[in-house]
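The values are calculated or read from the model by the stated rules, or taken from the named source; none is laboratory data. Here the structure is a predicted model, which means the values were calculated and not measured. We place every Cβ from the backbone using ideal geometry, glycine too, and count neighbours over all the protein chains shown. For accessibility, only protein heavy atoms count, side chains too; no ligands or nucleic acids. Shrake-Rupley method; radii C 1.70, N 1.55, O 1.52, S 1.80 Å.
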Amino acid sequence: MPQAKTDVTKRNIDFATRTATKIWKEEPSAHNPYLAEECLCHGYSLIELMEGRSFVDTLFLLFQGELPSPDHARLLEMTLVAFCNPGPRHPATRAAMNAGVGKTSPAHLLPIGLNVLSGSHLGGQEVEEAIRFLRKHAGDLPNEIALALLAPNRPENGDFHLAPGFGSRFGGIDPMPKKVADILTAHHSSGAALQWGKAFAETIRPDNMGWLSTGVVAAVLCDLGFHPQAGAGMFQLICAPGILAHGLELANKPISAMPFLDEEHYVIEHNTPR
């Protein structure tokens with residue numbers, strides 16, 4: 001059947017004539033303009049950053065456009081250490097481990113894990129939503145928000161996230177995010193979001209819920225001035241070392257190194273002739 005002819009019209013959009021960014025400037029080499037002789041990150045020489053600043057300072061500079069204060073650098077550094085590894089219970093780590101033992105190319109282990117980590121369940125999407133939640137309710141009383149959100153139909157089993165970044169894990173309060181949050185909120189550089197989250201977590205404690213790792217990271221990023229849209233990617237950056245390490249650990253091991261269904265739980269069905 002002949003298809004109807006479609007008229008193609010000009011989009012009439014003026015595109016940029018060159019790539020522009022405020023983050024990075026490259027001074028071209030005198031011998032080859034396609035190569036950089038000097039690189040500047042928000043005006044700071046990359047070589048001078050390498051010689052005089054930490055990775056945390058440079059990471060903050062990349063996203064915020066300015067170097068952090070010593071207090072903010074310390075807060076971010078503690079968060080990077082605390083959440084550098086989601087652990088083998090996290091689906092993202094398990095994805096990298098399964099890919100590793102399955103002989104996936106090592107180059108793909110981290111992207112596989114980060115893809116799983118991008119989701120809304122204990123992943124990057126939840127961090128972004130948690131930052132928005134903290135910003136939205138910054139002027140509200142934590143106990144009033146908790147009471148308004150407490151649902152009477154909470155399921156008896158499984159995870160229940162009362163709000164992004166807050167809830168239960170495996171049916172209870174996850175102790176590690178609470179320990180990390182207690183240290184961070186006690187630090188003199190903690191801000192309003194961490195303090196608000198602490199009060200919110202205390203309010204929902206009787207309901208067997210509390211901080212989740214995504215909530216703690218979101219509160220830190222919020223206090224450091226990160227935009228919600230940066231939350232998901234920052235969470236992936238923070239968790240990436242552990243995901244890669246676990247994936248590589250399994251890369252040279254036999255497939256039997258990971259749990260699998262035992263024979264008692266196999267169901268073999270045969271097609272019976274009619």
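The table below lists the values:
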item	result
Residue pairs meeting the criteria (Cβ under 9 Å; at least 6 apart or on separate chains; first basic (Lys, Arg), in segment 242-270; second exposed (fewer than 12 other Cβ atoms within 10 Å of the Cβ))	none
Residues located in segment 161-182, provided they are under 11 Å from residue 212 (Cα atoms), more than 18 Å from the chain's Cα centre (by Cα) and hydrophobic (A, V, I, L, M, F, W, C)	162, 173
Yes/no for residue 57 being part of a helix (DSSP H, G or I) and of a type in the set (D, E, K, R)	yes
Residues located in segment 91-103, provided they are in a loop (DSSP other than H, G, I, E, B) and either open to solvent by 60 Å² or more (accessible area, probe 1.4 Å) or without any contact (Cβ under 8 Å) to a residue 60 or more places away in the chain (or both)	103
Sole exception among (1) in a loop (DSSP other than H, G, I, E, B); (2) within 25 Å of residue 66 (Cα to Cα) for residue 30, by number	(2)
So residue 161, is it closer than 30 Å to residue 70 by Cβ and part of a loop (DSSP other than H, G, I, E, B)	no
Every residue from segment 124-136 that is buried (at least 20 other Cβ atoms within 10 Å of the Cβ) and either farther than 21 Å from residue 238 by Cα or hydrophobic (A, V, I, L, M, F, W, C) (or both)	127, 130, 131, 133, 134
Test result for residue 26, of a type outside the set (Ser, Thr, Tyr) and touching a strand residue (DSSP E or B) at 6+ places or on another chain (Cβ under 8 Å)	yes
Filter result for the condition that a residue is surrounded by fewer than 17 Cβ atoms within 10 Å (Cβ to Cβ) and in contact with a strand residue (DSSP E or B) (Cβ under 9 Å, 6 or more places away or on another chain), over 39, 84	39
Segment 61-77 - residue that is crowded, with 17+ Cβ neighbours inside 10 Å and touching a His at 6+ places or on another chain (Cβ under 7 Å) and, of those, nearest to residue 50 (Cα to Cα)	61
